[in-house]
Structure formats: structure tokens, C-alpha cells
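Everything below concerns the one structure shown next.
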Amino acid sequence: MRMTGMRGMTGWGRSITALLALATACGCTVQAADGGGKQRSPVRIELPSSAPPSTPAEEKGGNENKPSATPTKPPPAVLWSRGDSGRDVRELQARLRQVAWLFDGPTGTYDDLTERAVKGFQGKRGLPRTGETDTVTWQRLLRMTHEPGKWELYLMGGQPAAAPDPRCLTGRVLCIDKTSRTLRWMIDGRTVSTMAVRFGSRYTPTREGVFSVYWKSRHHVSTLYDSPMPYAMFFSGGQAVHYSSDFAARGYAGASHGCVNVRDERAIAELYAQVRSGDKVVVYW
């Protein structure tokens, strides 16, 4: 006999049909615990989760590819660099001598030797080798050294330039003081620049007196000693003011053959460009 709809179903069949219809309407999952036996097993209905479905980005880790903002640390402030001068630079040089990175001076002028010493100190301690004394370099040096006294500041490697000789107060003058081992470039009594110098030994002394520049030779080489004399400004026979790479390397441990050696090449290059033939030279104790 043919039956339509639910009229011919048993009570169990009608219940199953109703549950399936309900599950379909609400999006639930219907699962039988065991369909193999004769005993009818209860039907479990799994209700859907209220959480929204995950997106592909969430399944792959969310914002893992989004760059994170890292704050940039500003570089330490520079306290002194090449060309600076003064008492603070003198203290820096004295402290560099204490840790054996500088072997002459202090002169009070931040020259090429000081820059080279600072680079060495920085590199040994893993700091950027800038040659400039920044706050980090200075604090590191302070922790390793003691406060220098007067002897370390002024008497170990040349005293501060004293008042110039009266003969230097008029005109254009290379005013050279053997006591403080300094050269002043002066115009009408005003000091334009000051630099550290060294002189001849007791066997080849630098002559003292009042002279004048009679010849300039930018790339001069000594015919007597076969040694370079860049930026030479001759004032007395074969004696001249000139740059010395030996002075730059060895400091006051060496001596000239009578010339006035300058160790800061940049400083003497500037001086050479300003000095004229005929300008006065005064060398004195």
C-alpha cells in the first residue's frame, strides 16, 4: 500500500523527520551515536558556535607580516672634535696620556694626534671610531682615569702660550716661543692661530732672533738630509717652518735638524696659504 507524507510513518520515523527538519532550519548537525544495532540509538544535535568564522589572515597568523615600529636611538652628543681648543681639550689629552693613547702634550689643541688617539681608544672598546669625543667616549675615559693635576695639564708637554714677545706685536709675524713650544701667527698684535711646534736638538739648535720669510716651497725636499719638508717657509739659511710627519708620529720624542716642525698638517696648510714672503719671524725663549 502506497503512503504519502508522514501519515504512513511510525512514531519513531516521524520524530526523526521532525528533528532533521529542525536541524536544517537552525544549521545544526545531527549525528547518530550508533546506527549498526537493532536498538534505536538516541540522536545528538550539535548546535553551531556563536563565534564568527576565522578569516584567512587569522588562520595564517594575523598581523605577523606587519612591520613593528622600533624607536631610533639618537647618537651621543659630540663634546670636542678636531680644531677645538681650550682647557677641556687639554684635560682630554692628559687623560689620554694616562691610558697610553697619547704620548706627548697636552697642548690644548684638538689636532690630528688627538683625533688618532681618540679613534684608537674608541676602537679598543667597541665604540664607533669617529675620532670625535662624544659623551659616551668621555664617560668611558673618565671611569678609567683620574683628575689630572697642574703638572699633567701644563708641564708634561709644553705650557700654554705665554704673552707674546713685544717684537711680535706689530705687523705680520710668526711668533715662535721655545719655552711653551708654540707658534703664534699674529697680525698687528692679534693672534690669528696657535699651533704646537718642536725644534732642533742641542747639536742642531734652532736659531733665535728676528728674521723674515725669504722663500716658500710647498713640496720641498731637503737636499742635505733627503727628507720631505712640506709647506716650508724658510727664514734663516736652511732653517724653515714646515710640516713634519715624524713630529706627527713621534711627538716630542724626536727633534728636527734646526727647523721649526709643525705636526698638525691642516693647521700649517692654512698658515702657509696666509704667510707671505717678507713676513717677520721671531724665535725666542
Unique match (being surrounded by 14 or more Cβ atoms within 10 Å (Cβ to Cβ), in contact (Cβ under 8 Å) with a residue 40 or more places away in the chain, part of a helix (DSSP H, G or I) and of a type in the set (A, V, I, L, M)) among V197, V89, V136, V118: V136
So K280 ticks every box in (1) in contact with a helix residue (DSSP H, G or I) (Cβ under 9 Å, 6 or more places away or on another chain); (2) within 16 Å of H219 (Cα to Cα); (3) modelled with pLDDT of 95 or more but one. Which box is left unticked? (2)
Condition (residue is part of a strand (DSSP E or B) and within 28 Å of L169 (Cβ to Cβ)) applied to region 263-277: is it met by at least one residue? no
Reported set for region 172-194 where residues are modelled with pLDDT under 90 and part of a strand (DSSP E or B) is T191, V192, S193, T194
Is it fair to say R97 is surrounded by 10 or more Cβ atoms within 10 Å (Cβ to Cβ), of a type in the set (K, R) and either at pLDDT below 65 or in contact with a Lys or Arg (Cβ under 9 Å, 6 or more places away or on another chain) (or both)? no
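The values are calculated or read from the model by the stated rules, or taken from the named source; none is laboratory data. If you're wondering where the values come from, they're calculated on a predicted model, not measured in any experiment. Ideal geometry is used to build each Cβ from the backbone, glycine not excepted, and the neighbour counts take in all protein chains shown.
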